[in-house]
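What follows is a set of notes on a single structure, which appears directly below.
The values are calculated or read from the model by the stated rules, or taken from the named source; none is laboratory data. All values derive from a computational prediction rather than experimental measurement. No Cβ is skipped: glycine too gets one built from the backbone with ideal geometry, and neighbour counts run over all protein chains shown. Side chains included, ligands, DNA and RNA excluded: accessible areas come from the protein's heavy atoms. Shrake-Rupley method; radii C 1.70, N 1.55, O 1.52, S 1.80 Å.
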Amino acid sequence: MATHTAHGDTSHLSFWRHVREFAVPPAMIETATARRLSGDWAGALTAARVDLDFRIRDVVRAHGREFTDHLLADLHRLAPDLLRWHLPRTAPDGLLRPGLTVPLARYPGERPVALVVRTPPAWADFGQRIGLALWDGSANGGPPLQHPHPHPSRRFRFDLHRHLWDAGRSGEFAARAGTGGPSGLPAADTVAAGLRCAVDRWGAEAGLLLRAEGRPAGPVAVRLGRRRMLLLEPGAAGVAAVRPVGDAREARGLPLLPDAATWVAPDLDLLRSGTLGPELLHPLVARALAPGHARGPVRPGGAGEAGRAGGFGGPGLVDCRGAVHRIGLVDGVLAPLDHAPAELRRERLLIALSGTPLPCLRAVERAHRRPHELAGLRERLDHGDVDGALAAVEAVLGPQARLREGPLRDALAAIEERRSTYERYRAGLATPGPDAVAFRRRDRRPKDHWSHPR
């Protein structure tokens, strides 16, 4: 699923490396997987920060036992951490695309119902939480009542790509990730060369889309950007031609190729380029793209990486009066490791008399005063991994250290304030405030800039 950035391949790979490093923490994957494998699907949702917007007993009452059995079977197959891994994201921070309703499964019947996952609007985001709901075609689509787009998206359709969330079908990922290789269609290959389109899969994916919608063979629209669309013309052996859409009205009413079928999967790009190894991917993704390769326990950018020149780590390295010294945890508190206790007592007395402290003591003091500068801390907080952020701070400062007033405490307090807004939004009691409206106005661009990436 592509999220395009402004500076070509390097920026594309850097963006997705950042997302893969911070968006779905290893602890979340491990906990959610263990609970799913034990049959605790509700516990797996909790571990992956997914809120359930319906109760099973209400589903039985509204739709009957047979429907509920089908739904429960899908909930047992659902790997919520894998779903979060593949959900659409936005540049530059790689956060979840807000205000989406993505269908996961559709259940036929007198009243067709879809299992959907929803991302809250940006003004109500709290810790990148998402909601799992049922949509029955009603006007509001069920709770939350104030979701900006309650109807299932045509562009982001995981019901046609179950391998993006169904643990039992995750092995299909390799076959459907796309290669970006030639399709034999000059127009399509020209587009693919610059945009990493999965043109080799377009014919097969268009066929799947038409069959799912019960349509006969016919043209399928492909969305490449805000104002750029193509039409796939059907042929005897799949796609016979690809041509640009001159007028948007020409594609109106046509089935739209899902985003996951349009682009080469970013995980494949990361592996091909060597930007990430399979051990740093989600285990189900790694198993599909690199069978037999074991997943490692550590991700890049973690708190265990040693720092230099007063940087953070465990232990960190500091240039101290012509020598490289270590700082690390002693009895649960960060302290210099290469100075005798008597020397440290003398230095602390000197500091009390306004003297210049040792570089090692300066590094310890800076770590306590500026923990928000810990590598990866801000990214963890942005993606809702508060536990991971606090664990990283504790790994550096020690479990006995107290967090001082400063930017990190302010950030944690702001996160808690957003919890209230999120809970009121889910209860149907919150509306976008003036700050959210102002944000939307600032975010709007003049029409002549619409074709340019942010």
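Determine how large the accessible area of H76 is when every protein chain is in place; take a 1.4 Å probe and give Å² rounded to the nearest 10.
90
What distance in nm separates the two pseudo spin-label positions at R369 and I351, each 7 Å out from Cα along the beta-carbon direction?
1.0
Which whole-Hz couplings ³J(HN,Hα) result when phi for each residue of segment 166-171 is put into the Karplus expression 6.51 cos²θ - 1.76 cosθ + 1.60, θ = phi - 60°, listed in order with x for Gly and Pro?
Once rounded to whole Hz, the list reads 8, 4, x, 10, 5, x.
Compute, for T10, the solvent-accessible surface of its heavy atoms (probe 1.4 Å) with the complete set of protein chains present, and express it in square angstrom to the nearest 10.
Accessible surface of T10 is approximately 110 Å².
Can you give the charge dipole size of segment 8-169 about its Cα centre, rounded to the nearest 20 debye, using +1 on the beta carbon of Lys and Arg and -1 on the beta carbon of Asp and Glu?
So the dipole magnitude of segment 8-169 works out to roughly 160 debye.
Hey, can you rank 255-267, 26-38, 403-415 by average C-beta count inside 10 Å, highest first?
Answer by packing, highest mean first, reads 255-267, 26-38, 403-415.
On average, how much accessible surface per residue is there in segment 317-427, in Å², for a 1.4 Å probe, leaving out ligands, DNA and RNA?
Heavy-atom SASA per residue in segment 317-427 reads 58 Å².
Contour minus end-to-end for A290 and L337, with contour as 0.36 nm per residue of separation and end-to-end as the Cα-Cα distance?
12.7 nm
Ordering R20, R55, R162 by how much accessible area each has at a 1.4 Å probe, largest first, what is the list?
Solvent-accessible surface, decreasing: R55, R162, R20.
Note down the relative contact order for segment 20-95 as a percent, whole number, built from C-alpha pairs under 8 angstrom at least six residues apart.
Over segment 20-95, the number comes to 40 percent.
Could you give the length gained by full extension between R228 and T90, i.e. 0.36 nm per residue of separation minus their alpha carbon distance, to one decimal place?
47.8 nm
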